[in-house]
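Student: Once you've had a glance at the structure underneath, I'll fire off some questions.
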Amino acid sequence: MFKNKLFWKIFISYVVLLSGCLSLAGYFVSRVIKGYQMNLLAKHLDYNVLPINHLILYILITFAITLSIGFVIIKINTSPLMNITQIAQSFARGNFARKAEIDSSGEIGDLANAINTMGTELQSRMQTILDDKNKLDAIMANMNDAVITTNLQERIILINNAAKAMFGISKIILNKDYLWEKIRNEKLCNLVREVVRSSAKMGDKTQATMTSEIEILSPEKKLLQMHLSPIQIDKNTHGILLVFHDITELRKLENTRREFVANVSHELRTPLASIKGYVETLLENNVTDNDSKREFLNIIMKHTQRLDNLIKDILELSKLDSNELKIELHNVDVHLCMEDIFSHYKESCAGRDQTFELDMPQQIPMIETDEYLLRQLLTNLLDNAIKYTPKGGRIGLKIYPSNGSVRFEISDTGIGIPQEHIPRIFERFYRVDPARSREMGGTGLGLSIVKHIVNLHHGFIKVESTVDVGSKFIITIPQHQPKHTA
Ligand SMILES: Nc1ncnc2c1ncn2[C@@H]1O[C@H](COP(=O)(O)OP(=O)(O)OP(=O)(O)O)[C@@H](O)[C@H]1O
Ligand SMILES: [Mg+2]
């Protein structure tokens, strides 16, 4: 009520005007009465004429009544304006929900309607802005790529969670901290400055974009692809948008693939060159001697076999490597499977004067596995044990249950593996003695395949080996596989 200044202004003006009118009226009436009294006295008439005191009292009563009526009328007329003012003030505070509830027609009614329409419009625009902001915040917060925006003075004005994690930034004051304070990388800072410079030179700021790669060492060593582009932040402010994409894994994969292609080409070329050489000799030199012919053809056969092994192993490996591979899980009777493998390898060992021992309890739990893959795993390990064990050596296959898993131990009394090579023998094409392995027709892919099969079964592999004493490969395969792998 006291805040309604308009009311008080009108009311005070009204009081002043009313007082003036009444005083003037009082003055003239008192003059008239005085004149009338004089007239009566002159005529010696004794009439009871209204005394002046009474007149003042009447004037005061009239004043009080008109004042009260005026007060009410002014109040009724100014309160809608007061209501509209309050609503406009709440709009200014961001509260658009209030509405002017005014029934009056005329200018005040029109004003109230206009204010209400403005409130609805502002509310819907504000909601759109808020929705857009929420969307942007959600995208920024959940993006894998790191995003940073700076102004042209290189102060950070926006940074997402991925960027904080990528650069190990725990605390940041937006619009105050500089990029070079938070990310200590010379190449990055130079590139930002270059983009700032070139965007200042160019009329079209969007043309000054730049893409580059940087390596960061902390909090983790990473290779990042970085995209910098000048942007317009608001009407008068320009800035730089920096987007970082972690390409460490991608680059590693690219390198592995490149190495793999180089290795495959090399492995294919060696036997092919030999085959070509012997075929040319047979064709050009007209070899008539049957023994030489046989010898050459045997060599060609050996290299062809090697090529065949190599291609088979590469295909197997790429199958195991592919994400689409669905392994056919069944409950496999380990006993039966091992008996079968044992009888096959017993013969191979006998041919090399090696003894093959199977150590397996009567009761072995079934395991959930793809039998073909399990056989392939053991075949690769037993082939190695036989291959890298001299004549007269001993090969062992021990199977036993262990904590919900089944453990397979393949041991030999062969040449052993030097300690420094053990961490690398599961790499593709890795061979301790490449010449020796090649000579034996090895491709260097066998253990890589083993490792893949173990991983597919969520198992573990461990190697114990001593040079010239022997090696032991210990494989642990869980009895049951998680449901989603089926
Ligand atoms: N039981 C073992 N005793 C000694 N060295 C071994 C044994 N098993 C593996 N190695 C070493 O590990 C290397 C990698 O083995 P892997 O089975 O992957 O390849 P490979 O036997 O050479 O060829 P293949 O792909 O035909 O099996 C071998 O070249 C060999 O040097
Ligand atoms: Mg092998």
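Student: Among the residues of segment 431-486, count how many are within 34 Å of the chain's Cα centre (by Cα), small (Gly, Ala, Ser) and in a helix (DSSP H, G or I).
Tutor: Going through segment 431-486, the residues within 34 Å of the chain's Cα centre (by Cα) turn out to be 448-461, 477-478, 480-486.
Then drop every residue that is not small (Gly, Ala, Ser), which leaves 448, 459, 486.
Adding the requirement that they be in a helix (DSSP H, G or I) leaves 448.
Selection size over segment 431-486: 1.
Student: Considering each of Ser170, Ser124 in turn, give the residue that is at pLDDT 90 or above, more than 21 Å from His238 (Cα to Cα) and over 23 Å from the mean Cα position of the chain (by Cα).
Tutor: Ser124
Student: With the condition kept exactly as written, say whether any residue in segment 199-215 is in contact (Cβ under 8 Å) with a residue 60 or more places away in the chain and out of contact with any His (no Cβ under 8 Å at 6 or more places or on another chain). Before you say what the answer is, go through the steps one by one.
Tutor: Filtering segment 199-215 down to residues in contact (Cβ under 8 Å) with a residue 60 or more places away in the chain leaves none.
No, every residue in segment 199-215 fails to be in contact (Cβ under 8 Å) with a residue 60 or more places away in the chain and out of contact with any His (no Cβ under 8 Å at 6 or more places or on another chain).
Student: So, Glu409, is that one part of a loop (DSSP other than H, G, I, E, B) and more than 7 Å from ligand 1 (Cβ to nearest atom) or not? Let's see the steps before the verdict.
Tutor: Working: part of a loop (DSSP other than H, G, I, E, B): no; more than 7 Å from ligand 1 (Cβ to nearest atom): yes.
The answer is no for Glu409.
Student: Still on this structure, I have one more. Just to be sure I understand the filter: pairs with C-beta atoms under 9 Å, separated by 6 or more residues or on different chains, first member in segment 427-442 and crowded, with 16+ Cβ neighbours inside 10 Å, second member aromatic (Phe, Trp, Tyr). Which pairs pass?
Tutor: From residues that are crowded, with 16+ Cβ neighbours inside 10 Å, the pairs are Arg428/Phe260; Phe429/Phe260; Val432/Tyr388; Ser437/Tyr388.
Student: Looking at Asn455, Asn403, which is the one that is under 21 Å from Asp359 (Cα atoms) and not assigned by TED's automatic domain parsing to the domain that holds Thr270? It would help to see each step written out before you state the result.
Tutor: Values: Asn455 fails: under 21 Å from Asp359 (Cα atoms).
It is Asn403.
Student: Restricting attention to segment 232-245, which residues are at pLDDT 90 or above and surrounded by fewer than 18 Cβ atoms within 10 Å (Cβ to Cβ)?
Tutor: Correct list: Leu241, His245.
Student: Restricting attention to segment 413-420, does a residue exist that is exposed (fewer than 14 other Cβ atoms within 10 Å of the Cβ), farther than 24 Å from Asp353 by Cα, near ligand 1 (Cβ under 10 Å from one of its atoms) and in contact (Cβ under 8 Å) with a residue 24 or more places away in the chain? Before the answer, list the steps.
Tutor: Here is the first cut: in segment 413-420, the residues exposed (fewer than 14 other Cβ atoms within 10 Å of the Cβ) are 418-420.
Keeping just the survivors that are farther than 24 Å from Asp353 by Cα gives 418-420.
Filter once more, keeping what is near ligand 1 (Cβ under 10 Å from one of its atoms): 418.
Next cut, in contact (Cβ under 8 Å) with a residue 24 or more places away in the chain only: 418.
Taking every residue of segment 413-420 in turn, at least one turns out to be exposed (fewer than 14 other Cβ atoms within 10 Å of the Cβ), farther than 24 Å from Asp353 by Cα, near ligand 1 (Cβ under 10 Å from one of its atoms) and in contact (Cβ under 8 Å) with a residue 24 or more places away in the chain.
Student: Taking the residues in segment 296-336 that are of a type in the set (D, E, K, R) and at pLDDT 85 or above as candidates, determine which candidate is farthest from Leu272 (Cα to Cα).
Tutor: To start, the set of residues in segment 296-336 that are of a type in the set (D, E, K, R) comprises 302, 306, 308, 312-313, 316, 319, 321, 324, 326, 328, 333.
Still in the running and at pLDDT 85 or above: 302, 306, 308, 312-313, 316, 319, 333.
On the way: Lys302: 11, Arg306: 10, Asp308: 11, Lys312: 16, Asp313: 17, Glu316: 21, Lys319: 24, Asp333: 42 Å.
In this case the residue turns out to be Asp333.
Student: Pick out the one residue from Asp289, Asp308 that is within 16 Å of ligand 1 (Cβ to nearest atom) and of a type in the set (D, E, K, R). Give the derivation first.
Tutor: Numbers: Asp289 fails: within 16 Å of ligand 1 (Cβ to nearest atom).
Only one candidate passes the filter, namely Asp308.
Student: Spot the failing condition for Tyr372; the list is (1) surrounded by fewer than 19 Cβ atoms within 10 Å (Cβ to Cβ); (2) within 11 Å of ligand 1 (Cβ to nearest atom), and only one is missed.
Tutor: (2)
Student: I'm trying to understand the selection: among the residues of segment 309-336, which are of a type in the set (S, T, N, Q) and assigned to a helix (DSSP H, G or I)? Even if it seems obvious, please write down each step before you answer.
Tutor: Taking segment 309-336 and keeping what is of a type in the set (S, T, N, Q), we get 309, 318, 322-323, 331.
Asn309, Ser318, listed by residue number.
Student: Continuing with the same structure: Check segment 458-479 and report whether any residue there is away from ligand 1 (no atom under 12 Å from the Cβ), crowded, with 20+ Cβ neighbours inside 10 Å, touching a residue at least 12 places away in the same chain (Cβ under 8 Å) and not aliphatic (A, V, I, L, M).
Tutor: Within segment 458-479 (the criterion being away from ligand 1 (no atom under 12 Å from the Cβ), crowded, with 20+ Cβ neighbours inside 10 Å, touching a residue at least 12 places away in the same chain (Cβ under 8 Å) and not aliphatic (A, V, I, L, M)), the answer is yes, since at least one residue qualifies.
Student: Moving on. Which numbered condition in (1) outside the structural domain of Pro80 (by TED's automatic domain parsing); (2) part of a loop (DSSP other than H, G, I, E, B) is the only one that Lys133 fails?
Tutor: Among (1) outside the structural domain of Pro80 (by TED's automatic domain parsing); (2) part of a loop (DSSP other than H, G, I, E, B), Lys133 violates only (2).
Student: Does Lys398 meet the test of being surrounded by fewer than 19 Cβ atoms within 10 Å (Cβ to Cβ), under 30 Å from Lys326 (Cα atoms) and more than 10 Å from ligand 1 (Cβ to nearest atom)?
Tutor: Values: surrounded by fewer than 19 Cβ atoms within 10 Å (Cβ to Cβ): yes; under 30 Å from Lys326 (Cα atoms): yes; more than 10 Å from ligand 1 (Cβ to nearest atom): yes.
Here the answer is yes, as Lys398 does meet what is asked.
Student: Give segment 143-166 a look and list any residue that's more than 16 Å from Met226 (Cα to Cα) and either outside the structural domain of Val195 (by TED's automatic domain parsing) or surrounded by 20 or more Cβ atoms within 10 Å (Cβ to Cβ) (or both), or say none.
Tutor: Ile156
Student: Whether any residue in segment 274-288 is assigned to a helix (DSSP H, G or I) and farther than 30 Å from Met440 by Cβ is what I want to check. Walk me through how you get there before you give the answer.
Tutor: In the first step, residues of segment 274-288 are kept if they are assigned to a helix (DSSP H, G or I); the result is 274-284.
Pick out the ones that are also farther than 30 Å from Met440 by Cβ and you get 284.
Yes, there is a match, as at least one residue in segment 274-288 is assigned to a helix (DSSP H, G or I) and farther than 30 Å from Met440 by Cβ.
Student: If I ask for residues that are more than 8 Å from ligand 2 (Cβ to nearest atom) and among the β-branched types (Val, Ile, Thr), which ones from segment 439-454 would you list?
Tutor: Taking segment 439-454 first, the residues more than 8 Å from ligand 2 (Cβ to nearest atom) are 439-441, 448-454.
Selection gives Ile449, Val450, Ile453, Val454.
Student: Also, quick follow-up: Within segment 384-396, can you find the residues that are within 16 Å of ligand 2 (Cβ to nearest atom) and either assigned to a strand (DSSP E or B) or not assigned by TED's automatic domain parsing to the domain that holds Gly441 (or both)?
Tutor: Hit for segment 384-396 is Ile395, nothing else.
The values are calculated or read from the model by the stated rules, or taken from the named source; none is laboratory data. Since this is a predicted model, take the numbers as computed values, not measurements. Counting neighbours? That spans all protein chains shown, and the Cβs are built from the backbone with ideal geometry, glycine included.
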